[in-house]
Amino acid sequence: MIPNSEFVTRRNRLLAQMAPNSVAIIPAANELTRSNDTEFPFRQNSDFQYLTNFPEPDAWLVLEKSLDTTSSTLVCRVKDKVAEIWQGRRIGAEVAKQQFEFDETFDESKLHSVLFTAINNTTILYWPQGESEANDKRIFDLLNELRTGPKKGWNAPTQISDPRPLIHEMRLFKSADEITVMKRAGVISSTAHKRAMLFAANLHKLKQPVTEFQLEAEIHHEFAMSGAKHPAYGTIVGGGENACILHYTENQDVIESGSLVLIDAGCELQGYAADITRTFPVSGKFSPEQKALYQLVLNTQVEVINNIKPGTTLKALTELSVRLITQGLVELNILEGDVTQLISHNAHRAFYMHGLAHWLGLDVHDVGDYNQAGAQRPLQAGMVFTVEPGIYIDSEANCEPKWHGIGIRIEDNILITETGYENLTITAPKSVEEIEALMQ
Ligand code: GLY
Ligand code: MN
Ligand code: MN
């Protein structure tokens, strides 16, 4: 568990970066209707989560910085017996104040007056414009209201500034407690991938068909049994050619017994994502073509990971992956020509059409600038990102048909440390030998 004190520290760090005589307003997420009378599972807004740990919808964080004082206020849903009988418990302003260590808390009925007082006569309003039309309208109406009352001592701030770059820069560097949670998310998700491999092997031995949704169910079962109730993103289980659809989530087909299956799945634990991809033969045994391509992706991924250290850049690692994949595709006669020339024409894009890496944290594609001062930023301790090269050859690809219907991605989660890196998902099997041995 990330302790309360860390959320208080984060709020204070944001306040320290705000201009004097300013206010930051960060709203929680709202519930989303799925269909008549049912909602999607609630997921807190990641910035609000990062600064509060408050788990309910329809709440507002207000950070005020005057010339010499700061304060942190939460507005949340009102305690309501009937709503709590029908929809669920509410924490309420009184308990929230003490449990989450805010300076002040108010219930929703006071929202307008809290926002009005906090914004009035400040110079800068930090507001994450564009996330919710309803919230934008509330804030812009309130600014207009303030503009109507100069004689009453009302004044709207003259500047609106985006708080997200400040918050996202903080989120990019994970604390020791965040790393503990992300390591656990990595272990749970690795175990889930192993479970899917074993399940497929068992069904194959029983000569029963393996379906994509069964593997998805195995993965989600393992997540939940380990305390991670939700996946961090839509689980991808693509058998055969379905693996060539990068964000395939239909997961509804029977997997042909000679096929590879690509599973991209990670749990969400205390808000933090793991993001692992493994690809394995559903029968437990690679064919020669599958093995050749798999080994190329694996060698590339391992070589990239071996080159990770503080100071290097994701761009340098991406270029290394492109060189290795291009070279390997030439050796397998899938691409023809001079490797340097092919690289300069981005020839790999026909088979490796996505990026190598992305930041990972509260969001699976996490926030944080990839560039600084117009250049790729060097990797620094506390950053977490994925390494996920892949090769995808669908039935229309311009190469010998023996390669058709093979999609492979191998994805691990890497933490940069002071002296090197740590692979948070190392326990998910990925060598040919490991996978074949596990599935025997
Ligand atoms: N799971 C989505 C991705 O790997 O980026
Ligand atoms: Mn990823
Ligand atoms: Mn992924």
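Please treat every number below as a calculation from the coordinates, not as lab data. This one's a predicted model, so the numbers in the text were calculated from it and none came from an experiment. Every residue, glycine as well, gets a Cβ built from its backbone with ideal geometry; the counts of neighbours run over all protein chains shown.
For the stretch 197-217, the residues whose amide N sits under 17 Å from a probe point set 7 Å from the Cα of Ala437 along the beta carbon direction are 197-198.
Could you give the length gained by full extension between Thr419 and Thr69, i.e. 0.36 nm per residue of separation minus their alpha carbon distance, to one decimal place? It would help to have the intermediate numbers written out before the result.
On the way: separation 350, 0.36 × 350 = 126.00 nm, distance 3.92 nm.
Gain on stretching Thr419 to Thr69: 122.1 nm.
Listed by chain and number, the aspartates and glutamates placed with their C-alpha closer than 14 angstrom to that of Lys285 are Glu256, Glu433, Glu434, Glu436; residues fewer than eight positions away on the same chain are left out.
Can you list the GluC sites (Glu not before Pro) in the stretch 241-306 that are in a DSSP coil and have 14 or fewer other beta carbons within 10 angstrom? Don't jump to the answer; show the numbers that get you there.
Working: sites: Glu241, Glu250, Glu256, Glu268, Glu289, Glu303; in loops: Glu250, Glu256.
Passing both the DSSP loop test and the Cβ count: Glu250.
Full-extension gain between Ala375 and Lys79, please, as 0.36 nm times their residue separation minus the C-alpha to C-alpha distance.
101.6 nm
Contact order, relative form, for the stretch 339-388: 39 percent (alpha carbon pairs under 8 Å, 6 or more residues apart, mean separation divided by residue count).
For the chain, modelled as a GNM with alpha-carbon contacts under 10 angstrom, which of Ala265, Ala397, Ala200 fluctuates the most? Ranking Ala265, Ala397, Ala200 by mean-square fluctuation puts Ala397 first. Excluding same-chain neighbours fewer than eight residues apart, the lysines reachable from Lys110 by a Cα-Cα span under 29 Å are Lys65, Lys79, Lys81, Lys97, Lys137, Lys151, Lys152. Against the chain, whose longest principal axis is taken from its Cα atoms, helix 288-306 shows a tilt of about 40°. In this simple spin-label approximation, Asn12 and Thr38 carry label points 7 Å from Cα along the Cα→Cβ vector, and these lie 4.6 nm apart.
Comparing Asn135, Thr191, Thr326 along the charge dipole axis of the chain, the residue lying farthest to the positive side is Asn135, per the Cβ-charge model. Between Met225 and Lys315, the simple label model (points 7 Å from Cα in the Cβ direction) yields a spacing of 4.6 nm. Expressed in Å, the radius of gyration and Dmax of the Cα atoms of the chain are 25.0, 82.
The stretch 1-71 and the stretch 385-440 have Cα centres separated by 37 Å. Loop-resident trypsin sites (Lys or Arg not before Pro) (DSSP state other than H, G, I, E or B) in the stretch 341-440 with no more than 10 further Cβ atoms inside 10 Å of their Cβ are absent.
With runs of 4+ DSSP H residues as the only contributors, calculate the mean residue ellipticity of the chain at 222 nm using -39,500 (n - 2.57) per run, divided by the residue total and rounded to the nearest 500. Working shown, then result.
Values: 13 runs with 163 residues, N = 440.
Result for the chain, helices only: -11500 deg cm²/dmol.
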